[in-house]
Structures are given as C-alpha cells and as structure tokens.
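Participant: Pasting a structure below so you can have a look.
The values are calculated or read from the model by the stated rules, or taken from the named source; none is laboratory data. Bear in mind that the values here come from a model prediction, so they are computed numbers and not experimental data. As a convention, Cβ positions derive from the backbone with ideal geometry for all residues, glycine included, and neighbour counts pool all protein chains shown.
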Amino acid sequence: MGAPSPHDPHSPDDRMRDSVTRFEERRRRWRAEAGRTLVVAAAVAGLGWVIVLPAVAGFALGHWLDSRYRTGVVFSAGLGTLGLGFGCWAAWRRIARQREEHRGGYP
C-alpha cells in the first residue's frame, strides 16, 4: 500500500494531466464553434422574418381592404392566414434547401 507507481494510470499526476487535456479540448471546440453559433443565430432570426413579414403584409392588406369595404375582419383574417401559411412554406423550403447544401457535413 505504498505510493502509486509512476506508471499507474490512476496516479494524481495522470488524473490532473487528463483533466487539463479535456479542459483544453473543450476550450478548443468552444472557440471553433463560437463563430458558427453566431451564424446559426442570425440564420434563425432571418428565418423568423421569412415567416413574419408575409403574415404582417397579409394582415395590413386585409385591414386596408376591410376598412375600404367595411367588411369587419374578413379580409384581415383571410389574408393574414394566407400570409402566415406562405411564410411557413417559404421557411420550410429554405430549411430544406440548406439541409441539401450541407448534407455532407452533418449526420
């Protein structure tokens, strides 16, 4: 029950060396992914605008038509829903296109 031998994989020095190696590996991966994370966040924000803008445009046009023809919310609801549907379809297409472009890089 003496001191661990220098070749013992469970010696305090080896555990410390393994811990530092794992820490450095995590730091290296974090730095490599930091730039990519910002790009992904910007892409997600852009994807949100792809959905929101057609819906808002549909509601705005519908509101204008409703006020012009005094139809309540018929045009607002219909065109807003169509705009939202179009925005979701456009976002889905954009995601599918990006997935095809990056198919080789991701599992």
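Participant: Look at the range 1-20 and say how many of its residues are surrounded by 10 or more Cβ atoms within 10 Å (Cβ to Cβ) and at pLDDT below 75.
Facilitator: 2
Participant: Something else now. Taking the conditions exactly as written (within 24 Å of the chain's Cα centre (by Cα) and among the hydrophobic types (A, V, I, L, M, F, W, C)), does TRP89 satisfy them or not? It would help to see each step written out before you state the result.
Facilitator: On the way: within 24 Å of the chain's Cα centre (by Cα): yes; among the hydrophobic types (A, V, I, L, M, F, W, C): yes.
Taking the combined requirement at face value, the residue satisfies it.
Participant: Filtering the range 51-107 down to residues that are of a type in the set (S, T, N, Q) and at pLDDT 95 or above, which residue is surrounded by the most Cβ atoms within 10 Å (Cβ to Cβ)? If you could, list the steps in order and put the result at the bottom.
Facilitator: Step one: filter the range 51-107 for residues of a type in the set (S, T, N, Q), giving 67, 71, 76, 81, 98.
Among the residues that remain, those that are also at pLDDT 95 or above are: 67, 71, 76, 81.
Numbers: SER67: 11, THR71: 12, SER76: 20, THR81: 14.
Only one residue fits best here, namely SER76.
Participant: Separate question: For residues that are part of a helix (DSSP H, G or I) and hydroxyl-bearing (Ser, Thr, Tyr), scanning just the range 57-107, find the one that is nearest to ALA43 (Cα to Cα). Outline the logic, then answer.
Facilitator: First, pick out the residues of the range 57-107 that are part of a helix (DSSP H, G or I): 57-69, 74-101.
Restricting the remaining residues to those that are hydroxyl-bearing (Ser, Thr, Tyr) gives 67, 69, 76, 81.
Details: SER67: 36, TYR69: 39, SER76: 29, THR81: 24 Å.
Looking at residues that are part of a helix (DSSP H, G or I) and hydroxyl-bearing (Ser, Thr, Tyr), I get THR81.
Participant: Looking at PHE23 and the list (1) surrounded by 11 or more Cβ atoms within 10 Å (Cβ to Cβ); (2) in a helix (DSSP H, G or I); (3) at pLDDT below 95, which single condition is not satisfied?
Facilitator: Of (1) surrounded by 11 or more Cβ atoms within 10 Å (Cβ to Cβ); (2) in a helix (DSSP H, G or I); (3) at pLDDT below 95, only one is false for PHE23: (1).
Participant: Cβ contacts < 7 Å: first residue more than 24 Å from GLY48 (Cα to Cα), restricted to the range 65-85; second residue hydroxyl-bearing (Ser, Thr, Tyr) and in a helix (DSSP H, G or I), any location; separation 6+ or different chain. Result?
Facilitator: Filtered contacts from the range 65-85: ASP66/SER76.
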